[in-house]
1. Classify segment 34-88: rounded, prolate or oblate, from the alpha-carbon gyration tensor (a ≥ b ≥ c, eigenvalue square roots; a/c under 1.5 rounded; otherwise prolate if a/b is larger than b/c)?
2. As an exercise, use a Förster radius of 30 Å and the Cβ-Cβ distance of L58 and S36 to find the FRET efficiency, rounded to the nearest 0.05.
Amino acid sequence: MSSSPQRRPNDPPGPPAPFRKRWDDVGPRQGPLPESVAWGAVSTLMSGLIGFGLPAHLLDRWLGTDWIVLPGLLVGMAVALTVVWFRYGTDRSAARAPGASAEPPREQPREQH
């Protein structure tokens, strides 16, 4: 008789079930992983540069000028920084009623009898 529990057919190889942390034991995730947030910010910045810089470069080549690409890159970076600021840099829990205080309510001191 074996003291270790039996493996289910869909269990991946690895340590026995009592020592393995399963996804259903972890519970729901409380927001995205920090790595995904960082990569999301980096990709937003890159897409701003490419999304505005590439059309500006193509417009430069088509018109025969050489100055349009710089404003295109600057506008692209400004737009991307604004998107990153509002998407990742603001506190989402700050959505509260107009006129509400930003500070949490303070606990009232208890009266002693």
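Values in this text are rule-based calculations from the coordinates and carry no lab data. A quick note: this is a predicted structure, and the numbers were derived from the prediction, not measured. Cβ: placed from backbone, ideal geometry, glycine included. Neighbour counts: every protein chain shown.
1. On the way: a/c = 4.82, a/b = 2.77, b/c = 1.74.
Prolate, since a/c reaches 1.5 and a/b exceeds b/c.
2. On the way: r = 32 Å, r/R0 = 1.06.
Here the calculated transfer efficiency is 0.40.
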